[in-house]
Each structure stands twice: as structure tokens, then as C-alpha cells.
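Have a look at the structure below, then the notes.
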Amino acid sequence: MSEQEHGSAPGVLSELDESGIMRLTLNRPEQRNALTGELAEELRTRIAEARPRRARVVVVTGRGSAFCAGADLGALTAGARNAADRRQLLAEYYRAFLDLRDLPIPTIAAVNGPAIGAGFNLALACDLRILAESARLAAPFLRLGIHPGGGCTWMLTRACGSAAAREILLLGEPVEAHRAQQLGLASQVVPDHELDARAREVALRIAGLPSRVVRDLKSALGLAEEGASFNSLLAVESLAQAESMGTEDAREGWAAFRERRPPRFRDL
């Protein structure tokens with residue numbers, strides 16, 4: 001008998017295919033994939049499996065009509081005695097998003113429906129966001145009388161700029177998919193029925209690149225995002241580029257370019 005028949009289906013489905021694409025699916029559609037403390041911990045466990053399982057790209061999505069409808073932060077901290085206790089509980093909860101952001105491999109949010117509050121944070125923690133046309137993004141923290149958390153202000157400001165971040169956080173109104181793309185919050189918007197195929201297509205393109213170069217690029221972009229100086233990044237880039245140019249993959253890349261054919265990298 002399956003886990004689902006026993007009533008114990010996993011809260012996060014994890015699949016790793018032969019191309020190195022790991023797909024993580026929030027699996028609580030009846031609760032619109034709202035992130036409880038338990039589900040956040042399960043997500044952390046699945047994210048931690050990406051490295052030992054040699055995943056090259058991680059795609060995160062939700063089962064059913066929602067990507068993630070957020071969380072009841074009040075319920076999460078109900079047993080806390082004071083602000084210090086609540087702060088500790090929240091830090092543990094938000095660690096799931098930060099673990100995803102800290103992965104050295106690229107991550108893609110395939111946003112299949114509403115991404116609200118904590119769900120918005122989860123999407124922001126990914127490198128790329130591909131939205132279905134029905135997707136909506138919202139950060140209604142202030143309407144609930146609480147301050148945003150989990151790095152929301154930092155990630156949102158860097159994703160769409162200070163003015164848009166202020167509007168989204170102060171008003172708390174949903175941002176529809178095409179406006180999200182205009183603001184820089186989405187790399188692509190596709191019809192709902194094309195979302196899975198498009199996310200896989202993008203993931204396959206990335207998975208087909210040399211993993212060492214991809215990891216080094218993600219590291220450099222992270223340093224740039226965090227305000228590293230031009231000279232510091234120039235040094236990082238020159239070292240990574242010099243090392244990559246001496247690899248078999250670089251030789252194959254140049255040969256493929258000259259011969260006008262797709263490269264056949266060995267680091268696969």
C-alpha cells in the first residue's frame with residue numbers, strides 16, 4: 001500500500017532525473033501548499049539532498065492550484081513566551097528559503113498559482129522565476145499587522161528596485177504575472193498548461209552547461225548582489241575565467257562554436 005493510501009504522503013515530492021534536474025513539489029494542495037513548520041523542515045531535508053545526489057538544477061513548484069499560499073506565522077509562534085522566542089522560531093522556519101537561496105547550483109521557481117507571503121519569499125529565493133499566467137505574487141504582511149521576514153525586503157528590493165518593493169510591501173496588493181515580469185520579478189510568463197514544459201526546457205539548457213563554470217558564475221553573481229566592489233569581482237572573474245579556459249569543456253565549446261554545432265561537454 002502506498003504512503004498516500006496510509007494518509008502519510010510526503011509534504012514535498014522529490015524527483016531527480018537522468019539530466020540532473022531535481023524537481024521539488026510542495027504536496028499539500030488541499031491547504032494550497034501553505035508552509036507549516038513541519039513542511040518547511042521537510043523542504044530543508046529535500047534541498048539538502050541536492051548536493052549528495054549530484055543535482056545540477058533544482059526546480060521548485062506546487063501541486064494543485066497554488067504555488068504556496070504562505071503561512072500562519074501566528075500559529076508557528078503560538079508557544080513562544082516573548083519576542084526572543086518568536087525570533088528563534090521564525091529563524092528556523094525561514095531557513096528553508098535561505099537553504100534554497102544558498103545552494104551553489106541554479107534554482108528555478110515554476111510558479112503555478114498564487115505565491116503569497118512566505119510563498120513569495122520562496123519564489124524570490126530562486127535564481128529564476130517562470131510564472132504561469134494565472135500566478136499572482138503578494139506580500140500582505142502589513143495587512144496582517146506584522147513585519148515582513150525571511151529576507152523579503154532585501155530580496156524584493158534587489159529583484160525589482162526600491163520603488164516597486166515599497167509599493168508591493170506597503171500596499172500588499174497582488175501583482176499579476178505580466179506586471180511581475182515588467183517589474184523584473186519573473187524571467188518568463190507562459191500559459192498555465194505550458195509551465196512545466198517551459199521550466200524543464202530552461203532547466204535542461206542549464207543542466208547541459210559545465211557545472212563548475214555554472215557554480216562559479218552563481219557565486220560571482222551572489223557577490224555582486226551583496227555589494228562586492230568592482231575590483232573584488234574583477235579578481236574573482238579573472239581567476240574563474242582563467243581556470244575555466246584550461247578545461248576540456250572550454251576546448252569543446254570553442255570547437256563547437258567554430259563548427260556551428262551544439263557543444264558536447266564532458267562535464268555531464
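Could you say which residue among VAL111, VAL57 is modelled with pLDDT of 95 or more, within 22 Å of GLY208 (Cβ to Cβ) and among the hydrophobic types (A, V, I, L, M, F, W, C)?
Unique residue meeting the criteria: VAL57.
Being of a type outside the set (A, V, I, L, M) and free of Cβ contacts under 8 Å to residues at least 40 places away in the same chain is the filter here; which residues of the range 24-38 pass it?
THR25, ASN27, ARG28, PRO29, GLU30, GLN31, GLU38
Tell me yes or no: at least one residue of the range 107-116 is touching a residue at least 24 places away in the same chain (Cβ under 8 Å), surrounded by fewer than 20 Cβ atoms within 10 Å (Cβ to Cβ), among the hydrophobic types (A, V, I, L, M, F, W, C) and in the same structural domain as HIS178 (by TED's automatic domain parsing).
Looking for residues that are touching a residue at least 24 places away in the same chain (Cβ under 8 Å), surrounded by fewer than 20 Cβ atoms within 10 Å (Cβ to Cβ), among the hydrophobic types (A, V, I, L, M, F, W, C) and in the same structural domain as HIS178 (by TED's automatic domain parsing), one finds none in the range 107-116, hence no.
With the requirement that a residue be among the aliphatic types (A, V, I, L, M) and more than 20 Å from GLY150 (Cβ to Cβ), what does the range 166-188 give you? First the steps, then the outcome.
Step one: filter the range 166-188 for residues among the aliphatic types (A, V, I, L, M), giving 168-171, 175, 177, 180, 183, 185-186.
Selection gives ALA177 alone.
Of all the residues that make up the range 5-59, how many are closer than 17 Å to VAL111 by Cβ and of a type in the set (S, T, N, Q)?
Total satisfying the criteria: 3.
Would you mind finding the one in ALA199, ALA203, ALA235, ALA207 that is farther than 30 Å from THR61 by Cβ, among the small types (Gly, Ala, Ser) and at pLDDT 95 or above?
On the way: ALA199 fails: farther than 30 Å from THR61 by Cβ; ALA203 fails: farther than 30 Å from THR61 by Cβ; ALA207 fails: farther than 30 Å from THR61 by Cβ.
Of the residues listed, the single one that is farther than 30 Å from THR61 by Cβ, among the small types (Gly, Ala, Ser) and at pLDDT 95 or above is ALA235.
Does the range 208-259 hold any residues that are basic (Lys, Arg) and under 20 Å from PRO104 (Cβ atoms), and which are they?
ARG212, ARG215, LYS218
Given the conditions (1) farther than 23 Å from ALA138 by Cα; (2) part of a helix (DSSP H, G or I), and given that PHE265 satisfies all but one, which numbered condition is not satisfied?
(2)
Yes/no per residue for (1) hydroxyl-bearing (Ser, Thr, Tyr); (2) in contact with a strand residue (DSSP E or B) (Cβ under 7 Å, 6 or more places away or on another chain):
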| position | (1), (2) |
| --- | --- |
| PRO104 | no, no |
| ALA125 | no, no |
| SER162 | yes, no |
| LEU170 | no, no |
| LEU185 | no, yes |
| ARG198 | no, yes |
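With the structure loaded, tell me whether ALA220 is touching a residue at least 40 places away in the same chain (Cβ under 8 Å), surrounded by 14 or more Cβ atoms within 10 Å (Cβ to Cβ), under 19 Å from ARG101 (Cβ atoms) and out of contact with any Ser or Thr (no Cβ under 6 Å at 6 or more places or on another chain) or whether it fails that test.
Working: touching a residue at least 40 places away in the same chain (Cβ under 8 Å): no; surrounded by 14 or more Cβ atoms within 10 Å (Cβ to Cβ): yes; under 19 Å from ARG101 (Cβ atoms): yes; out of contact with any Ser or Thr (no Cβ under 6 Å at 6 or more places or on another chain): yes.
Answer is no for this residue.
If we scan the range 225-243, do we find a residue that is touching a residue at least 60 places away in the same chain (Cβ under 8 Å), assigned to a helix (DSSP H, G or I) and of a type outside the set (Gly, Ala, Ser)?
yes
The values are calculated or read from the model by the stated rules, or taken from the named source; none is laboratory data. Quantities reported herein were computed from a predicted structural model and do not represent experimental measurements. FYI the Cβ positions are ideal-geometry reconstructions off the backbone, even for glycines, and counts take in every protein chain you see.
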